[in-house]
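A quick write-up on the structure given underneath.
The values are calculated or read from the model by the stated rules, or taken from the named source; none is laboratory data. Predicted, not measured: the structure shown is a model, and the values here were computed from it. Note that each Cβ is placed from the backbone with ideal geometry, even for glycine, and that neighbours are counted across all protein chains shown. Calculation scope for accessible area: heavy atoms of the full protein, side chains included, ligands and nucleic acids excluded. Shrake-Rupley method; radii C 1.70, N 1.55, O 1.52, S 1.80 Å.
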Amino acid sequence: MEREHGATLTHIVVLPYPLQGHINPMLQFSKRLATKGLKVTLLTPKSMVKSMKGQASSVTFEPIDDDDDDDSGELITAETMEAYDEHFKAMISHGLEDLIEKKNSYGYATKLVVYDCSLPWALDIAKQHGIGAAPFITQSCTIAAIFYNLYQERFTLPLQEPEVSLPSLPLLRIDDMPSFISQPGLYPFLLKVCLEMYHNFHEVNWVFCNSFDKLEEEVVSWISSQWPIKNIGPTIPSMYLDKRLKDDKNYNLSLFKPNVDACTKWLDSKDTGTVVYVSFGSMAALGEEQMEELALGLKRSNRYFL
């Protein structure tokens, strides 16, 4: 029996999409929730747990068997996401239901499912169990607002005009847009995912966003008239914010092999403002020609780069 001293604790399930840039902010939010005396469980495929380099002790990780017997640790890319998506939905749907029932039997009353906004079907499962639900947007409110306006058909693709006027935003040129919009034929499945998540936002309890009000005041004000939004960002380790969480110096989780000490030592040896940082996220897979172009650009910049 997991329950301590016979007390019934409020249980929250956190369901991220298994990508580094989606897991980390939701894990940091989970740590904050845990400090409020809540029981927080992060649900993730077993193959991803194998790849995690350390875990936050305040948050329980619940691995779901995903029949990954080859132990290859192969990560999801934009090219493989569509094939993986249905498998992930079937696997996690059963795992989520089982987890809710198990925790209830242990005396943890599950009150809320916080799910990655790209997994709108999680709301249906939560509602079936009489539980509250809140999508978590890992991007800024501005990006969320742009996709939402596209979902509402305030503009259409492909873009016909050189500029687009949207509520609370400045005029946007095509090169100001997210790449899924400026180049809609590049990854049509990912564009579909970015739009379908809004179809049930009117049914949720909250919408959590990895931003803060002062950063995007006009956009936040407008979005607040559309959904029950709550900014909870920036979701980075406490050491870089308010230092309220003791020893919270990093994300405690990595799907890759980090080289923190060497990178930090190298950065400390450079003057402020002299290093260019380049990151394309965990889904990007650049071709040889793209890598060559990128390398030449960095070389010609005459800057240090990481």
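Values computed for the structure shown
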quantity: Largest-first ordering by accessible area, 1.4 Å probe, given options GLU289, GLU82; calculated: GLU289, GLU82
quantity: Heavy-atom accessible area order for MET81, MET239, largest first, 1.4 Å probe; calculated: MET239, MET81
quantity: Surface share of carbon and sulfur [accessible, 1.4 angstrom probe, percent] for the chain; calculated: 50
quantity: Label-point separation, LEU294 to ASP65 (7 Å along Cα→Cβ), nm; calculated: 3.8
quantity: The chain: DSSP helices with Cα axial extent of at least 24 Å and average Kyte-Doolittle hydropathy no lower than -1.0; calculated: 81-105
quantity: Cross-link partners of LYS89 among lysines (Cα-Cα below 19 Å; sequence separation of 8 or more within a chain); calculated: LYS46, LYS127, LYS192
quantity: Value of [θ]222 nm, deg cm²/dmol, for the chain, DSSP H segments ≥ 4, -39500 (n - 2.57) each, nearest 500; calculated: -10500 deg cm²/dmol
quantity: Cα-based Rg and Dmax for region 99-214, where Dmax is the largest Cα-Cα distance (Å); calculated: 17.0, 58
quantity: Accessible area of the chain divided out per residue, in Å², using a probe of 1.4 angstrom; calculated: 56
quantity: Equivalent ellipsoid semi-axes - Cα gyration tensor, region 159-213, angstrom; calculated: 23, 17, 11
quantity: Semi-axis lengths (Å, descending) of the ellipsoid that matches the C-alpha gyration tensor of region 190-256; calculated: 27, 18, 11
quantity: LEU171 - accessible surface, heavy atoms, 1.4 Å probe, Å² rounded to 10; calculated: 100
quantity: SER279 accessible area, 1.4 Å probe, all protein chains in place, Å² to nearest 10; calculated: 80
quantity: Heavy-atom accessible area order for TRP266, TRP222, largest first, 1.4 Å probe; calculated: TRP266, TRP222
quantity: Candidates SER211, SER140, SER269: whichever shows maximal mean-square fluctuation once the chain is modelled as a Gaussian network with Cα springs under 10 Å; calculated: SER269
